[in-house]
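Notes follow the structure.
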Protein chains: 2
Amino acid sequence: MTDERRFFGAIEAGGTKFVCAIGDDAGKIHAQERFPTTDPIATLSTVRSFLQGRSREIGKLAAIGVGCFGPVELDRTSERYGFIVRTPKPGWSNTDIACMLAREFQCPIGFDTDVNAAALAEHRWGAARDVKNLVYLTIGTGIGGGVVVDGTPIHGLMHPEIGHVYPRRHPLDVGFDGVCPFHGDCMEGVASGPAIFARTGASLQQLDAAHPQWEIEADYLGQLCAQLVLTVSPQRIVMGGGVMSQARLLPLIRPCISHWLGGYIDRSEILSGLDRYVVAPQLGDQAGVLGALALAMDAAAMVTSPLAA
Amino acid sequence: MTDERRFFGAIEAGGTKFVCAIGDDAGKIHAQERFPTTDPIATLSTVRSFLQGRSREIGKLAAIGVGCFGPVELDRTSERYGFIVRTPKPGWSNTDIACMLAREFQCPIGFDTDVNAAALAEHRWGAARDVKNLVYLTIGTGIGGGVVVDGTPIHGLMHPEIGHVYPRRHPLDVGFDGVCPFHGDCMEGVASGPAIFARTGASLQQLDAAHPQWEIEADYLGQLCAQLVLTVSPQRIVMGGGVMSQARLLPLIRPCISHWLGGYIDRSEILSGLDRYVVAPQLGDQAGVLGALALAMDAAAMVTSPLAA
């Protein structure tokens, strides 16, 4: 029997750090490096060096996957497909990622948002292995969400920007305008890590259990989950990110989801099974790079990829 | 050349009326009947008589499609698949539709919500022919929405219930609690036809252009569209239903969408192309039955259908 294992490049392209890895068909990571995100030229040069060095050892990569901070262009008919487009991150607007990698490595490139990639990883190997439709939320410096329908991340016009829906304001959350530069008090503006800090001068973990911030945060995130049940009808919601690393938070969110749905969704998953419906991630901080690996595997599996060599 | 045309049964199962039709592969309707919805036994008996009569003339139906009022069970692994489940409509809770038709007519059955069916019809033959991802909204007695992703209606946990997301209240809309029995002032509670009537004692068309109800209604529906852009990222939104039949309303909604998105979605479709992005339906009151025809065609195309003969 010959060794038919194929190797893939996987890149988690984050706004503060990049993680590069080599993985195989089984979802195993064989090599991994992480380094801070600086300017595009230096950062992408480090990415290329890592992948070139590894492919000298193991042979040609079967495909490369990129889960990228955004917003990104995902329309395959656009000449900017695979670019980071207009971003507040200095120097990174209009940065070509996917075409550069395709030219350099002559292999199929999978490219998607960081949150769609993480959603895909939790679907393939993590907390949503047993369902086809899910939402992955990350609540941290920002609020983002990836949506997987029938095993594939949805794109449409661009990609979901779930963090910017508007919640109703919590009655205890008065005199606070929110921190979103675009929307003020959208979800990201009132429930992200920076919003918590702006409101209280502290992070959630620094506030004791009786502080009203816990109730406010749970209410907003419960509203967000309820909106998603009503609009995209996922079979599971996976909630990760720095704010969610406070394990006390998730049990506070679930009753808020019930409150906002008002008994309308007549499904046992909602009425009595929220413990299994809204869950923590299982892949921890490996979700991003494993998602990139999943994108690479899917790109290799596509019979015809517009970026294939 | 032999005539290879196949014929399909199409049933628009509405809460107030049923429409039954025979259509062909080209989307042409050859016979159609409409009758009021009474109790399940009498109504479904009329459906069977229509289809039996027609299939005696044209031969065995290739498949039957049903776009159904809800909520319905769409999980193919459930023993209640193809049922109308808990509904406020007297007598109709737990009514078997799809299995009854499969038994009776020994052919594949396509079954989905009425709004998913209408979305599919507008995608195949109407206002969203040129895109793969769309939302179809109906604003009338209730507010409902169908979501099509990559040409297929999404289901997930059950199906979207878009009408029950919460808008922020309009500053002119004071002292009104909303009419939704589950949620009070959710979108359906404040922007459906009955909500307009409860607030003003009139329908929208009876109110003159200067009445604040126009502004309130446009604001709520603009919020709804903005939420959908952020959560499901459709390539088009099609807005139908009785309330939308007031042609003055759609042009009032578009600037509200821009307002609620706050310039965040950097796409020409949103920034300068809302006239083509948020549009009226093209199939009028035939969308429902044509959607049922599309469901029938898709059921026939499935290689293995759990309900196939």
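Elements of the type helices (runs of 4 or more DSSP H) sitting completely within segment B:212-309 and holding at least 2 residues that are of a type in the set (D, E, K, R): these cover B:212-231, B:274-277.
Scanning segment A:181-211 for residues that are hydrophobic (A, V, I, L, M, F, W, C), in a helix (DSSP H, G or I) and touching a residue at least 24 places away in the same chain (Cβ under 8 Å) yields a count of 5.
Contact map, segment B:251-262: residues that are more than 14 Å from every other protein chain (Cβ to nearest Cβ) and surrounded by 15 or more Cβ atoms within 10 Å (Cβ to Cβ) paired with residues that are of a type in the set (A, V, I, L, M, F, W, C) and part of a helix (DSSP H, G or I), Cβ distance under 7 Å, separation 6+ or inter-chain. Pairs shown: B:Leu252/B:Trp214; B:Leu252/B:Ala218; B:Ile253/B:Ala218; B:Ile253/B:Leu221; B:Ile253/B:Cys225; B:Arg254/B:Leu274. I'd like the full set of residues that are surrounded by fewer than 24 Cβ atoms within 10 Å (Cβ to Cβ) and either touching a Pro at 6+ places or on another chain (Cβ under 9 Å) or among the aromatic types (Phe, Trp, Tyr) (or both), limited to segment B:109-133. Correct list: B:Trp125, B:Ala127, B:Val131, B:Asn133. The single condition among (1) surrounded by 13 or more Cβ atoms within 10 Å (Cβ to Cβ); (2) under 17 Å from the mean Cα position of the chain (by Cα); (3) of a type outside the set (Lys, Arg) that A:Thr16 does not meet is (1). Taking segment B:161-179 as the search range and keeping residues that are free of Cβ contacts under 8 Å to residues at least 40 places away in the same chain and under 20 Å from B:Thr113 (Cα atoms), which one is surrounded by the most Cβ atoms within 10 Å (Cβ to Cβ)? The qualifying residue surrounded by the most Cβ atoms within 10 Å (Cβ to Cβ) is B:His164.
Number of residues in segment B:148-184 that are under 17 Å from the mean Cα position of the chain (by Cα) and either within 18 Å of B:Ile196 (Cα to Cα) or more than 7 Å from chain A (Cβ to nearest Cβ) (or both) equals 7.
Any read-out appearing in this document is the output of simple, stated calculations on the displayed coordinates, not a laboratory observation. Model, not experiment: these values are computed from the prediction. Please note: Cβ atoms are built from the backbone with ideal geometry, for glycine as well, and neighbour counts cover all protein chains shown.
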